[in-house]
Amino acid sequence: MSPTTPAGPRHQPLLRPASPARLAWLADEVQAWREAGVVDGDQAAAILAGYSPGRRFSLVRLLTGVGAAFVGIGALWLVAANLESLSPLARFVLVTLVWVAALTGGEVLQARSASPPAVAATRLVAALLVGGVVMQAAQSLQVPAWEPALVGWWSLAALVHAYVARAVPPLVVGVLAGSAYAVWAPLDAGASGLGVVLALGVVGVGALALAAPHERVGLPVFARVWRESGLVLVLASLVVAAVPWTTAGERPATSALMLLLGVGSALVVLGLLVGGPGDRVEVLGALAALGTALVLVAWEAGADAEVVTGPDVAHAVLGVAACAVACIAVAATGTLRDDRRLVALATTALVVVTTLQAFTVFAPVLEGAWLFLLLGLVLVGTGLVFDRARRHVTAAL
């Protein structure tokens, strides 16, 4: 026996699960290494043999994430309750100290290579608590509690935290708060159907366009967050526009909405200039979905809930068809980018818009049992067509 050969049976090494996209990337890299002479054929095979296709679901990560969210929301709730037993300065100092402790704690845990779920949970608490700091500071300065600007400042603080620490949990909080602010601020003085659809769509397209520069600078995880949030908002604008009672209204555009349009246009140009072919297709597809949503809003049908006319049915069919096409595109994007959340998002949006159209358009002419029977058949048929179209689009791309 060779002195370097260990005694006893050799055990098969544990295979590390990796997503199909990661395995495809690794295979390309290993092939490049072989061509460059870095590894030989046996070594390349040994590297690839250490991985298996699959996905990991961490119950610990889920529990710590939900727990951290509850802690952060509970802290914000305490701030909203005003902590009447303390003075405004004392409340501000207390909330700030807790936020600083969570902020530094997350980075200390990261520096000590602590458990990733623990690091992510601590960073999430810090990102939520900074909203409490903003709100408490606003209260001390006599700023009204329900100002959109407070959500904007909260978003900015969380985004700074995310990009400095290269951390995903603060990014998620910052993107959610920023999206809420960008939609809320233009509609604060009053909203029309056209304004709601336009705000949702423009913010969504802008967020989607921001995914491209993140891919370019090597932040694919950040790009995924921006892409998912953007597609959620674009689909939301299309779903809202497809509802029959969403009308354009008579309220003129506000300066805030015009500013939002300008910023969104600049982000679209940025995404088209720096993005790859896939990024450009996504942005242009989102613009097409927004244009369709605006057409649906301008076509005011279904205002009379008691009488169903031909234009009402045509509006409903166009709405469902437009949403189906958009959902197929989103699902195909999720399949190509190995993002299951996008596939789930597309499926949910399609179910929501189909159900809404059935109950708003066909409820006056069908009784309850027949309505549910028709809705079930429509959902089954739509689902089969949706899955078949998604597979064909994905295979073609």
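Determine whether region 128-144 contains at least one residue that is surrounded by fewer than 24 Cβ atoms within 10 Å (Cβ to Cβ), hydroxyl-bearing (Ser, Thr, Tyr) and more than 16 Å from the chain's Cα centre (by Cα).
yes
For the subset of region 1-46 comprising residues that are in a loop (DSSP other than H, G, I, E, B) and surrounded by 10 or more Cβ atoms within 10 Å (Cβ to Cβ), which member is modelled with the lowest pLDDT?
Top of the filtered list is LEU15.
Within the set of pairs 6 or more residues apart or between chains, which connect a residue that is at positive phi inside region 336-353 to a residue that is part of a loop (DSSP other than H, G, I, E, B) and open to solvent by less than 70 Å² (accessible area, probe 1.4 Å) with Cβ atoms less than 8 Å apart?
Cβ pairs passing all conditions: ASP338/SER19.
List the number of the failed condition for LEU94; all other conditions in (1) crowded, with 20+ Cβ neighbours inside 10 Å; (2) of a type outside the set (D, E, K, R); (3) modelled with pLDDT under 90 hold.
Among (1) crowded, with 20+ Cβ neighbours inside 10 Å; (2) of a type outside the set (D, E, K, R); (3) modelled with pLDDT under 90, the lone unmet condition for LEU94 is (1).
What number goes with the only condition from (1) at pLDDT 90 or above; (2) open to solvent by less than 20 Å² (accessible area, probe 1.4 Å) that VAL197 does not pass?
Single failed check for VAL197: (1).
Inside region 94-213, counting only helices (runs of 4 or more DSSP H) that do not spill past its ends, which hold 2 or more residues that are out of contact with any Cys (no Cβ under 8 Å at 6 or more places or on another chain), in contact (Cβ under 8 Å) with a residue 60 or more places away in the chain and on the phi > 0 side of the Ramachandran plot?
none
The values are calculated or read from the model by the stated rules, or taken from the named source; none is laboratory data. Computed from a prediction, not measured in an experiment: that's the story for all the values here. In this analysis, Cβ positions are derived from the backbone assuming ideal geometry, glycine residues included, and neighbour counts consider all displayed protein chains. For accessibility, only protein heavy atoms count, side chains too; no ligands or nucleic acids. Shrake-Rupley method; radii C 1.70, N 1.55, O 1.52, S 1.80 Å.
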